[in-house]
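The values are calculated or read from the model by the stated rules, or taken from the named source; none is laboratory data. Remember, it's a predicted structure, so these values are computed and weren't measured experimentally. All Cβ positions, even for glycine, are placed from backbone atoms using ideal geometry, and neighbour counts span all protein chains on display. Heads up: the accessible areas ignore ligands, DNA and RNA and are worked out on the full protein's heavy atoms, side chains in. Shrake-Rupley method; radii C 1.70, N 1.55, O 1.52, S 1.80 Å.
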Number of protein chains: 2
Amino acid sequence: LDQGAMAEARSHQDRLTKPRGSLGVLEDVAVRLAGMAGACPPPLPAPAALAIFAGDHGVHARGVTPWPQEVTAQMVANFAAGGAVANAFANQVGASVTVVDVGVAADLPSAPGLLSRKVAYGTADLSQGPAMTLEQAAQALATGREIARDLVAAGHRCLITGDMGIANTTASAALIAAFTGEDPARVTGRGTGIDDATHRHKIDVVRQALEVNGLGAGAVPEGPEAALRALAAVGGLEHAAIAGFILGGAAARVPVILDGVIAGAAALAAAGLAPRAIDYCLAGHRSAEPGHATALAALGLRPLVDLELRLGEGTGGLLAHPLVCAAARVMHEVATFDSAGVSEKNS
Amino acid sequence: LDQGAMAEARSHQDRLTKPRGSLGVLEDVAVRLAGMAGACPPPLPAPAALAIFAGDHGVHARGVTPWPQEVTAQMVANFAAGGAVANAFANQVGASVTVVDVGVAADLPSAPGLLSRKVAYGTADLSQGPAMTLEQAAQALATGREIARDLVAAGHRCLITGDMGIANTTASAALIAAFTGEDPARVTGRGTGIDDATHRHKIDVVRQALEVNGLGAGAVPEGPEAALRALAAVGGLEHAAIAGFILGGAAARVPVILDGVIAGAAALAAAGLAPRAIDYCLAGHRSAEPGHATALAALGLRPLVDLELRLGEGTGGLLAHPLVCAAARVMHEVATFDSAGVSEKNS
């Protein structure tokens, strides 16, 4: 981040017609946007582009979710038809929607806004061995990077992560446990809603995944090689693509608003691959999944929206976009004490 | 609220292509919007109108804030010129801005978007006796009601409360202590930023205000007469106008998004005057002022934005508007499991 632009942004904030610090977290957001762009005021982060990366999971066979696997493909069709919550929220905030098939376990009919970048027909079962080969993970990472680059080239000034993949909270929990060293019982949640017995089973599956892949003893060591290995071992194709999407956004110096627990897990992998990439990330929201708070704490990110959402698709990231825009807009439109002729407080 | 429309909204939510309950707090917002409008799906709460009620406070003379009193008038000019943070946020969310002088202690030059409804040149010092006469409070209430009615008649489908008044967090703390029976030390905050000594003094002033006005022993009794008396005794003209604005929004069956601690204090008065009016209120955000959380708890409202803002003007209410719209939009645009051909989870 550009420290000069950040210092300028901080000092500009203090001259605006408002008590110092009175915009709370949004002042930090504005300063970080200035650092990302290397400019004060920072450009408005609009228009935004949501990319929904879709993939299936071999671990679905272990019964970690009551939803049938074909729902992944059905929801991709729903996104393409504009019928999902992510579409409604994108309409609300003026974001474009791109759906990317990186690993759906079915051949999908072509549709407007759907990009076919299939790396595999779903991952292998992470509780039996690596979910992906290193080559598959690298290919999904490269796909995410390219999508980010293309969306920025098309004029988007903010990227928002989205995901679809039945069973992907299981892979997310495994990634978060692996990268933070936290116990699986503390980071494995109920996803879309499961009963106590399925929840206990899901925790066991995550524990097995870590053990069989040699990730059971403390956090993944630093460095890109270990990060790629862990991502391939217990991640999903959509996690790898989102990690690449983050790296691509950072390379283009554009803010990336992270959605929920899937994005948080992917961001931990991105941080392992290139720690400075997280400087370009904003946490859109905090989901109801327990592992998400763990991931955000490890990333050092504060969520902007906290409304007990647990839907995914990018919905939490989309809701945060107007807040991020508002933070930037203050830097462009608000008068200073001098220019408005407003008295400052007595010191 | 229309219980039939609310039941229909709940059952519609459960048919949409998302896990049940996965939109968290926004599902409750959508259900309440349906109840307010008596229709499912509820109309989109747009366009929105922000009304900033401005007034001065006799208690300013007690040294409860380091800001000079003339800043109230200067900020009114800043709003009219479009230079304040509230203007920038209103631009971001597409809300109109109306500034209403209900009690600024100066003659203001006319300006576009500024309505002169001055009841008095500021209130009397609430720590020495009643801040307003009952007639003044009633007049400010009527003004707020009329502004709400006029804004709805002009086509707005959502009202957002705003305020400007140097020293108005002191009156807010006194109102919140009076209506909840809470100790002044627990509900009196640092407003725009004061040092420890001024904070202790501000708490003492609030305590004096309650005692001198006979409000020191427990919460204000139920009923409109006692509520009006307490509002006049320790409120501000902008608090009374905002209470009227809430009543006017409720009468028009339009959602009213409350801003921060000033709106929370005014809403307690509105609840005393007409308890059902709070059914039409949504808490836009939770401010950094400690009394605000107390007020929201007493009102039974859950804030939508929680970003440590402490600016007022309506800024927190404006930021919540896209979230409220998103909640309503889901009810219009999202496909059902049946219509989209998406499988439901196995039970």
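Please report, largest first and rounded to whole Å, the three semi-axes of the ellipsoid equivalent to the stretch A:76-163, where each semi-axis is the square root of five times an eigenvalue of the C-alpha gyration tensor.
25, 16, 12
Could you tell me how many degrees, from 0 to 90 and to the nearest 10, lie between the Cα long axis of helix A:224-234 and the main elongation axis, the longest principal axis, of the Cα atoms of chain A?
50 degrees
What share of the DSSP beta bridges in the protein assembly as shown is antiparallel, in percent to the nearest 5?
Bridges in the protein assembly as shown are about 5 percent antiparallel.
List the distances, in nm and shortest first, from the label point of B:GLU344 to the matching label points in every other copy, placing each point 7 Å from Cα along the Cα-to-Cβ direction.
6.3
Rounded to the nearest 20 Debye, what is the dipole magnitude of the stretch A:141-260 about its Cα centre when Lys and Arg each give +1 and Asp and Glu each give -1 at the C-beta?
Approximately 240 debye in magnitude.
Please give the helix B:261-273 orientation as an angle from the longest Cα principal axis of chain B, in degrees from 0 to 90, rounded to the nearest 10.
It works out to around 80 degrees.
Return the distance in nm (one decimal) between the two label points of a simple spin-label model at B:ASP338 and B:TYR121, each offset 7 Å from Cα along Cα→Cβ.
According to this spin-label approximation, the distance is 6.8 nm.
Between B:ARG302 and B:ALA61, how many nm apart are label points set 7 Å from Cα along the C-beta direction?
Result for the modelled spin labels: 4.6 nm.
Extending each Cα 7 Å along its Cβ direction at B:ALA274 and A:ALA111, get the distance between those two points in nm, one decimal.
4.7 nm
Once every Cα of the stretch A:1-74 carries one equal point scatterer and solvent is ignored, give the base-10 log of I(q)/I(0) from the Debye formula at q = 0.17, 0.18, 0.22 Å⁻¹, two decimals.
Debye intensities relative to I(0), on a log10 scale: -0.67, -0.71, -0.95.
Partner chain Cβ atoms within 10 Å, averaged over the residues of B:329-335 - can you pull that number for me?
Counting other chains' Cβ atoms within 10 Å and averaging over B:329-335 gives 6.
Quantify how strongly other chains surround peptide B:59-72 by giving the mean number of their Cβ atoms within 10 Å of each of its Cβ atoms.
Neighbouring Cβ atoms belonging to other protein chains average 2 per residue here.
In whole Å and largest first, what semi-axes does the C-alpha gyration tensor of the stretch A:238-347 yield when each eigenvalue is scaled by 5 and square-rooted?
That gives 31, 16, 13 Å for the three semi-axes.
Going by alpha carbons, how many degrees (0 to 90, nearest 10) lie between the helix axis of B:71-81 and the longest principal axis of chain B?
In chain B, helix B:71-81 runs at an angle near 40 degrees to the longest axis.
Can you tell me the mean projection area, over all orientations, of the convex hull of chain B's alpha carbons? Units nm², please.
Approximately 17.3 nm², given one-decimal rounding.
Taking R0 as 60 Å, what's the FRET efficiency between A:ASP204 and A:ARG15 from their Cβ-Cβ distance, rounded to 0.05?
Efficiency, from the Cβ-Cβ distance: 0.60.
Which number gives the lysine pairs in the protein assembly as shown that have C-alpha atoms under 17 Å apart and are eight or more places apart or on different chains?
4
Treating each Cα of the protein assembly as shown as an identical point scatterer and ignoring solvent, apply the Debye formula and state log10 I(q)/I(0) at q = 0.07, 0.09, 0.10 Å⁻¹.
Here log10 of I(q) over I(0) equals -0.48, -0.76, -0.91.
How much accessible area per residue does the protein assembly as shown have, in Å², with a 1.4 Å probe?
Normalised by residue count, the accessible surface of the protein assembly as shown is 33 Å².
Peptide A:301-307: average number of partner chain Cβ atoms within 10 Å per residue?
Partner-chain Cβ atoms within 10 Å, mean over residues of A:301-307: 5.
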